[in-house]
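Please read the structure below before turning to the comments.
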Amino acid sequence: MSDSRRLVKDYIEDQVMKYCQQNSTLPILRLEYTGSVYERLKIEAADEVDVMVVLQTTRSEVVLEGCGVPGYARLKARSDSKFRTRDYANAEGYINPERLRNSWFYSLVVQAVNNFRASNVNMVVRAHGPAVQLDIVRKGTNQKLLSADLVPCFQVGPDMSYYVAKPYTGRRQVSNRDLLWRQSFSLKEKGILEYMDRADHGCRHELLRIVKTIVKRNPTYFGSLESYHLKTAFMHYMKREAQGWSSGNALEKHFLGFLRALQSYLEMNNLPHYWLPGVNLLEDINPVVTKNMADRLKRILNSDAEMNKTLA
């Protein structure tokens, strides 16, 4: 993880994004680093990071408008805003996340990479959904050292929330879904998770990494569970179980306790969003799949043989 942070600092922040900030037609305010590397929760090689590229706006330049889908909104640029051009917005001034990425950000990153010079690494740019993916590859080989997802982001609204260019993929019927921006709670989550063991030198990081590994190793059973589901369930669990994380049997006790909590969420087919009341993170998963996952966890919890096989 330390090596990944160094690569981000030396190549992405100090070179590529510095070039972007100096040559962009749209002002870039700052970068925010999120994801499992910065939460100390990466379970495999720490070779993927997420970078929010926060655009600079005045408080009234971009207006936040609800769309009926919790956690999503439309962003409307004021008539004199630099964002209200046909390159970035529709005729009514709503900023289109895909247009912004394609017309401005992707080409800007390509220019920065073409300007990049280093003796030991090359950089490869590709579109990756709503993000621009930047790969750092060791020169003369195909060895990828780091992959960074760079995502344009606005900080807007009365509470200055973050909205990222990530599309709505849920089942609800929404008009003009291509104009939706997703509210990001990544920085709040990093604030909870990055140093959650600092005060008592507990086992929280270790526990969640173990559960993430179990899920990753068993895609047949748990393929529909994403890291965000586990992270959310764990934040709920920590809020409820605030004590007893540093005793001799803490890891065993909380491992079983967290698995039971996760099994309960799956059995009820309801995992509440940590930040958005009334939002169920499991609503877009087939209930049959959710029940099968709950049943599998129940078998693991009720059988020493199944538990040992899972942990082997």
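The values are calculated or read from the model by the stated rules, or taken from the named source; none is laboratory data. The structure presented is a predicted model; accordingly, all values stated were derived computationally and were not measured. Cβ sites come from the backbone with ideal geometry, for glycine too, and all protein chains shown count toward neighbours.
Brief remarks follow.
- When we screen VAL156, VAL164, VAL125, VAL121 for residues that are among the aliphatic types (A, V, I, L, M) and under 16 Å from the mean Cα position of the chain (by Cα), the only hit is VAL164.
- Taking first residues from segment 56-80 that are closer than 16 Å to PRO27 by Cα and among the acidic types (Asp, Glu) and partners that are in a strand (DSSP E or B) and modelled with pLDDT of 90 or more, the Cβ contacts under 7 Å between residues at least 6 apart in sequence or on separate chains come to GLU61/ALA77.
- Selection over segment 222-265 of residues that are hydroxyl-bearing (Ser, Thr, Tyr) and surrounded by 19 or more Cβ atoms within 10 Å (Cβ to Cβ) gives a count of 3.
- Residues that are more than 27 Å from ASN114 (Cα to Cα) and under 22 Å from the mean Cα position of the chain (by Cα), drawn from segment 38-65: TYR38, GLU39, ARG40, LEU41, LYS42, ILE43, GLU44, ALA45, LEU64
- Total residues in segment 212-242, condition within 17 Å of the chain's Cα centre (by Cα), assigned to a helix (DSSP H, G or I) and hydrophobic (A, V, I, L, M, F, W, C): 4
- Here ALA199 fulfils each of the conditions (1) outside the structural domain of ARG101 (by TED's automatic domain parsing); (2) in contact (Cβ under 8 Å) with a residue 40 or more places away in the chain apart from (2).
- The residue that is farthest from TYR33 (Cα to Cα), among those in segment 53-86 that are in contact with a Phe, Trp or Tyr (Cβ under 7 Å, 6 or more places away or on another chain) and either outside the structural domain of GLN22 (by TED's automatic domain parsing) or of a type in the set (D, E, K, R) (or both), is LYS76.
- Only a single criterion out of (1) buried (at least 17 other Cβ atoms within 10 Å of the Cβ); (2) of a type outside the set (D, E, K, R); (3) touching a residue at least 40 places away in the same chain (Cβ under 8 Å); (4) in a helix (DSSP H, G or I) is not satisfied by LEU282, namely (4).
- Test: residue in segment 98-116 that is small (Gly, Ala, Ser), assigned to a loop (DSSP other than H, G, I, E, B) and in the same structural domain as ASP10 (by TED's automatic domain parsing): no
- Restricting segment 121-151 to residues that are outside any strand (DSSP E or B) and in contact with a strand residue (DSSP E or B) (Cβ under 7 Å, 6 or more places away or on another chain), the residue that is modelled with the lowest pLDDT: PRO130
- Pick from segment 50-84, criterion touching a Pro at 6+ places or on another chain (Cβ under 9 Å) and closer than 12 Å to ILE95 by Cα, ranking: surrounded by the fewest Cβ atoms within 10 Å (Cβ to Cβ): LYS82
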